[in-house]
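Since the structure comes first, as structure tokens, the remarks are kept for the end.
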Amino acid sequence: MWEEIESVVANLPVPPGTVRVYQDGLPVCGHEQEIVSELAGAGNRNHRLLVKLQARGATLMGTESPELLVEEYQLATAAFASGATVRTDIRQKQLRDTLLEKRDRYIADRINGTLGAGESGILFMGMLHKVSKYLDSDINVVYPLGLPRVRQRRGV
């Protein structure tokens, strides 16, 4: 999968100053470059792609609400610590789904507010996200690897 992603990204046009790069989990915080550089240096393939795109002239953008990321971390920590029951699993899923929608709306608002006329954006997101449905109608969305497909378990 990563070879295909790297190949597609390597062939994307990146005219300097006209492409903005957005990344799942990258907070709007003023330290975006340091976060990406550290993770790329640690061998994270996704973040190495961000560095390569920047070297070609793309602008790195903080993408997510720090508060929502903290909320997601706290939710995951609480779920892990609480032990699972059917009732808590259902409630945790509802909370995760609500939080994911809030994150998607924030990310879309961030893109809508920062992507200028004549610019392109490259968004790296996990498969469960549905950011595109919240983007402004004048933003043309292209999936160079095809639409994400989420596998479902039987009976779900």
Can you sort ARG103, ARG48, ARG56 from fewest to most other Cβ atoms within 10 Å of each residue's own Cβ? ARG56, ARG48, ARG103
Using a simple charge model, +1 on the beta-carbon of Lys and Arg, -1 on the beta-carbon of Asp and Glu, nothing else, what dipole does the chain show about its Cα centre, in debye to the nearest 20? 660 debye
Comparing GLY118, GLY17, GLY30 in a Gaussian network model of the chain (Cα, 10 Å), the one with the largest mean-square fluctuation is GLY118
A correct Karplus calculation of ³J(HN,Hα) over segment 102-116, with 6.51 cos²θ - 1.76 cosθ + 1.60, θ = phi - 60°, whole Hz and x for Gly and Pro, returns 4, 5, 4, 5, 4, 4, 4, 4, 5, 5, 4, x, 10, 7, x
So the angle from the long Cα axis of helix 45-55 to the longest Cα principal axis of the chain, reported in degrees to the nearest 10, equals 30 degrees
For GLY25, enumerate residues with amide H under 5 Å from its amide H, sequence gap 5+ or separate chain, H modeled in the peptide plane. none
Which label marks the calculated value of Cα Rg over 2.2 N^0.38 Å, given the options (1) 1.33; (2) 1.13; (3) 1.22? (2)
Please order ASP104, ASP138 by the number of other Cβ within 10 Å, starting at the fewest. ASP138, ASP104
Per-residue HN-Hα couplings for segment 62-72, Karplus 6.51 cos²θ - 1.76 cosθ + 1.60 at θ = phi - 60°, whole Hz, x for Gly and Pro? x, 10, 10, 6, x, 5, 5, 5, 5, 4, 5
Quick check: net charge around VAL19, other residues with Cβ under 9 Å of its Cβ, Lys/Arg +1 and Asp/Glu -1? +1
Cut-off 14 Å between beta-carbons: net charge of the residues surrounding VAL36, Lys and Arg +1, Asp and Glu -1: -1
Around TYR134: net Lys/Arg minus Asp/Glu count, Cβ-Cβ under 11 Å: +2
Greater than 19 Å separation of Cα atoms is the criterion. Which listed pairs, LYS93/LYS133; LYS93/LYS130; LYS102/LYS130, meet it? LYS93/LYS133
What residues have an amide H closer than 5 Å to that of SER120, excluding those fewer than 5 places away on the same chain, when H is modeled at 1.01 Å from N in the peptide plane? VAL19, ARG20
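Read the figures in this text as sums done on the coordinates, not as results from a lab. Here the structure is a predicted model, which means the values were calculated and not measured. When we count neighbours, we look across all protein chains shown, and the Cβ atoms used for this are built from the backbone with ideal geometry, even at glycine.
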